[in-house]
Amino acid sequence: MPSWSLTDADVLAQQYKYTFYKPGVAEISKVQPGEVVKLIFAFESDDPAAPSAERMWVKVLEVLPGLKFRGALDNEPRYIKDLKPDDVVEFEARHIINCDHDSSNNLVERYIKRCFVTHRILEDQERVGYLYREDPDRDDDSGWRMTAGDESDEYMDNADNHSYVSLGAVLSVDDSFVGLLDSPSGSAYARVEETGEFVPVDAGS
């Protein structure tokens, strides 16, 4: 038995749809022999410095019925000892995490820009209670700032209580506000506790 196994990336994409992207069936059905696709090779190791998996490219040799494939490893494994370049690998559409055919519905890319968010949301898993958008500070900044709404002034003044992360990372905790993210700079919203709905408010209120 090999020391490695292929990760079912469909499961990861369902669990982490805003931070883990994989091509869908429409994109994978376009894959042809000669193209390369990326797979996750999971393994166990006694090396404490080793990761739990290696992400490696495989050159497609044959497309089989049912979106199954045969390919040849196109990378040199760093940790997996019983796998080498050109070894034949059999896999399915659910294992592919990258290919040459892009999707227009890539939520990870759509929400890759960053925002400032308090740890009441990221660490305590509280829902977003207040969010506002200002002019971005830099190219990777969405301009969005988010709080749970119950943070004290003292809490907000401590920079250790804030993180600068992708919008997708916040959406993975709470995506109830996703429909507001195209709002222009200067927009602000607060959650109504009784209904859970967001209503527009004056920024800073």
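The values are calculated or read from the model by the stated rules, or taken from the named source; none is laboratory data. Everything numeric in this text was worked out from a predicted model, so none of it was measured. Cβ: placed from backbone, ideal geometry, glycine included. Neighbour counts: every protein chain shown. Ligands, DNA and RNA are excluded from the accessible area calculation, which covers all protein heavy atoms including side chains. Shrake-Rupley method; radii C 1.70, N 1.55, O 1.52, S 1.80 Å.
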Here the FRET efficiency for ASP8 versus ASP141, based on Cβ atoms and R0 = 30 Å and rounded to 0.05, is 0.30
TYR132 accessible area, nearest 10 Å², 1.4 Å probe? 70
Largest first, what is the accessible-area ranking of ARG191, ARG94 with a 1.4 Å probe? ARG94, ARG191
Which value, in Å² and to the nearest 10, is the accessible area of THR147 when all protein chains are kept and the probe is 1.4 Å? 20
Loop-located GluC sites (Glu not before Pro) in region 125-205 whose Cβ has at most 11 other Cβ within 10 Å (DSSP): GLU193, GLU194, GLU197
Using a 1.4 angstrom probe with every protein chain in place, what is the largest-first accessible-area order of VAL11, VAL165, VAL170? VAL11, VAL165, VAL170
With a/c under 1.5 counting as rounded, go ahead and sort region 1-97 into rounded, prolate or oblate using the C-alpha gyration tensor (a ≥ b ≥ c being the square roots of the eigenvalues; past the cut-off, prolate if a/b is larger than b/c, else oblate). oblate
Sulfur and carbon atoms: percent of accessible area, the chain [1.4 Å]: 45
Report the extension gain between TRP57 and GLU44 in nm, rounded to one decimal, defined as 0.36 nm multiplied by the number of residues separating them, less their alpha carbon distance. 2.7 nm
Listed residues HIS162, HIS119 arranged by accessible area, highest first, probe 1.4 Å: HIS162, HIS119
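I'd like to check one number: the per residue accessible area of region 59-161, probe 1.4 Å, reported in Å² as a whole number.
61
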Note down the magnitude of the dipole of the chain about its Cα centre, charges +1 on Lys and Arg C-beta and -1 on Asp and Glu C-beta and zero elsewhere, to the nearest 20 debye. 920
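Please give the charge dipole size of region 93-205, origin at the Cα centre, charges +1 on K and R Cβ atoms and -1 on D and E Cβ atoms. Round to the nearest 20 debye. Please report the intermediate quantities before stating the final value.
Values: 10 positive and 25 negative charges, 97 e Å.
Using only the charged Cβ atoms, the result is roughly 460 debye.
Checking the a/c ratio against 1.5 first, then a/b against b/c, what shape does the Cα gyration tensor give for the chain?
The shape class here is prolate.
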Residues meeting the amide H criterion for ASN75 (H placed from the backbone, H to H distance under 5 Å, 5 or more places apart or on another chain) are TRP57, ASP86
At SER185 and LEU67, where each label point lies 7 Å from the Cα along Cα→Cβ, what is the point-to-point distance in nanometres? 4.1
For region 35-52, in residue order, the Karplus 3J(HN,Hα) values (coefficients 6.51, -1.76, 1.60; θ = phi - 60°; whole Hz; Gly and Pro = x) are 7, 10, 10, 10, 10, 9, 9, 7, 7, 10, 8, 7, 7, x, 8, 6, x, 8
